[in-house]
Amino acid sequence: MTRATSASPGVVVGLDIGGTSTNATVLDGAGRFLVEDLCETPSRVLAGPDATLDALAQALGGVLALTGVPVTEVLAVGLDTPGPASADGVISSRGATNFSQPEWRGYDIRGALTERLGLPVVYTNDANAAALYAHHRHFGAQADRRSSIAAIVGTGLGGGVVESGRVVQGAVGMAGELGHVQIPMHGLIAEDQPLPFCNCGFVGDAESVASLTGIVNNLLPYWLTRYPDHPLASVTPIQAAAMKVRGLAESGDELALAVFEQQAAALGRLFTIAANFTDPHAYFLGGGVVEAAPHFRSWFLDRVRTHSQLRDEQLKVATFELVPDRDMAGARGAAIAARDAREAVQ
Ligand SMILES: [Zn+2]
């Protein structure tokens with residue numbers, strides 16, 4: 001398949017909804033993104049589903065006006081949102097952090113947008129979209145012959161597994177929930193450190209360490225007992241203290257570096273499981289760390305690589321990279337997913 005270079009008529013649009021804004025992009029038939037930068041409009045998620053659908057329609061109109069593409073050339077729309085949601089875009093009935101109003105619970109956002117726009121809409125969760133974009137950006141024309149895994153560290157730990165250029169979705173869309181993969185804790189936590197817990201109910205999964213929630217619930221409470229005179233000990237609430245940890249790590253603070261060393265170890269153990277599970281060509285790391293100071297993100301990626309135990313044969317082909325273009329990865333990955341879904345049915 002030479003889809004990256006063969007021009008075909010029509011475009012797909014990617015729409016990435018966040019808590020406050022929607023970013024839009026356009027992918028043409030030759031595999032080129034027609035929007036270089038962010039194309040953001042308010043997402044209006046807090047105003048509920050109707051306002052959000054209006055805002056998405058405006059985002060679509062806006063990006064088409066920007067690129068001069070008539071709506072008649074749009075073959076499909078790729079939509080991505082933060083989770084949790086089903087594989088076909090039904091927001092979790094238990095609610096989701098960014099979709100907190102009761103009207104959102106169990107809401108079929110993909111179906112509603114399909115009806116609103118009169119266009120096919122393909123749904124992807126935001127971590128899967130970022131994984132797909134990182135994969136295609138890294139491998140280009142080779143993407144369909146390569147596999148990768150992406151861990152996206154944020155409030156939680158999201159991710160995606162890409163095999164032969166496609167996101168592995170699983171039976172009910174729960175493949176690639178990397179945060180809830182349990183990892184060995186022996187040698188990762190200190191001898192007197194309590195076992196870290198996750199909001200999902202597991203103890204010692206990857207998210208219980210490698211996420212902002214893990215820092216708040218598990219890492220900072222322990223490390224502050226080791227550094228009782230640390231300035232963060234007087235910062236409340238603990239969420240506020242956790243938000244400062246990365247900045248401190250960038251400037252070499254011992255406590256903060258201990259926290260990130262444990263996160264790197266957790267991610268390395270997760271990638272070690274991946275190495276024995278799907279044996280990917282590439283290991284991508286995304287989320288807030290991508291925006292960190294260059295010396296710190298290089299250190300962190302290097303620590304993750306060091307903690308990943310690959311076999312000699314794997315080390316010869318594997319690459320470790322940061323997810324590029326963090327702010328645009330969601331919309332671009334959603335657009336790629338929409339293009340792929342169209343190709344699959346043709
Ligand atoms: Zn969990």
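The values are calculated or read from the model by the stated rules, or taken from the named source; none is laboratory data. Bear in mind that the values here come from a model prediction, so they are computed numbers and not experimental data. Counting neighbours? That spans all protein chains shown, and the Cβs are built from the backbone with ideal geometry, glycine included. Protein only, heavy atoms only, side chains kept; ligands, DNA and RNA dropped before computing areas. Shrake-Rupley method; radii C 1.70, N 1.55, O 1.52, S 1.80 Å.
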Total charge dipole magnitude, the chain, about the Cα centre, Cβ charges on Lys, Arg, Asp, Glu only, Debye to nearest 20: 380
Equivalent ellipsoid dimensions for region 24-83 as semi-axes, Å, which come from the Cα gyration tensor, largest first: 22, 12, 11
Residue with peak Gaussian network fluctuation, the chain [Cα springs, cutoff 10 Å], from Gly154, Gly118, Gly89: Gly118
Residue order for Trp223, Trp299, Trp104 - accessible surface, 1.4 angstrom probe, largest first: Trp299, Trp223, Trp104
Between helix 126-139 and the chain: long-axis angle, C-alpha atoms, 0 to 90°, nearest 10: 80
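Which value in deg cm²/dmol, rounded to the nearest 500, describes the helix-derived mean residue ellipticity at 222 nm for the chain, given -39,500 (n - 2.57) per DSSP H run of n ≥ 4 and division by the residue count? Don't jump to the answer; show the numbers that get you there.
Numbers: 10 runs with 125 residues, N = 346.
It comes out at -11500 deg cm²/dmol, rounded to the nearest 500.
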Accessible area, probe 1.4 Å, largest first, for residues Arg110, Arg332, Arg226: Arg226, Arg110, Arg332
Residue (of Val12, Pro184, Phe202) at the positive-pole extreme of the chain, dipole from beta-carbon charges: Val12
Part-to-part distance (alpha-carbon centres) for region 304-322 and region 120-159, which is given in Å: 18
Nearest-ten-degree value, helix 326-345 long axis tilted from longest Cα axis of the chain: 50
Whole-percent pair-distance distribution, where bins are 5 Å wide, for the alpha carbons of region 1-128: 2, 11, 21, 24, 19, 12, 7, 3, 1, 0
C-alpha long axis of helix 294-307 to longest principal axis of the chain, angle in °: 80
Taking the convex hull of Cα positions in the chain, its mean projected area over all directions (nm²): 17.6
Surface share of carbon and sulfur [accessible, 1.4 angstrom probe, percent] for the chain: 53
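Working with all protein chains in place, sort Lys316, Lys244 by solvent-accessible area computed with a 1.4 Å probe, largest first.
Solvent-accessible surface, decreasing: Lys316, Lys244.
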Surrounding net charge for Ala334, when Lys and Arg each add one and Asp and Glu each subtract one, Cβ distance under 9 Å: -2
For the chain, with +1 on Lys and Arg beta carbons and -1 on Asp and Glu, the positive-most of Gly214, Gly330, Asn98 along the dipole: Gly330
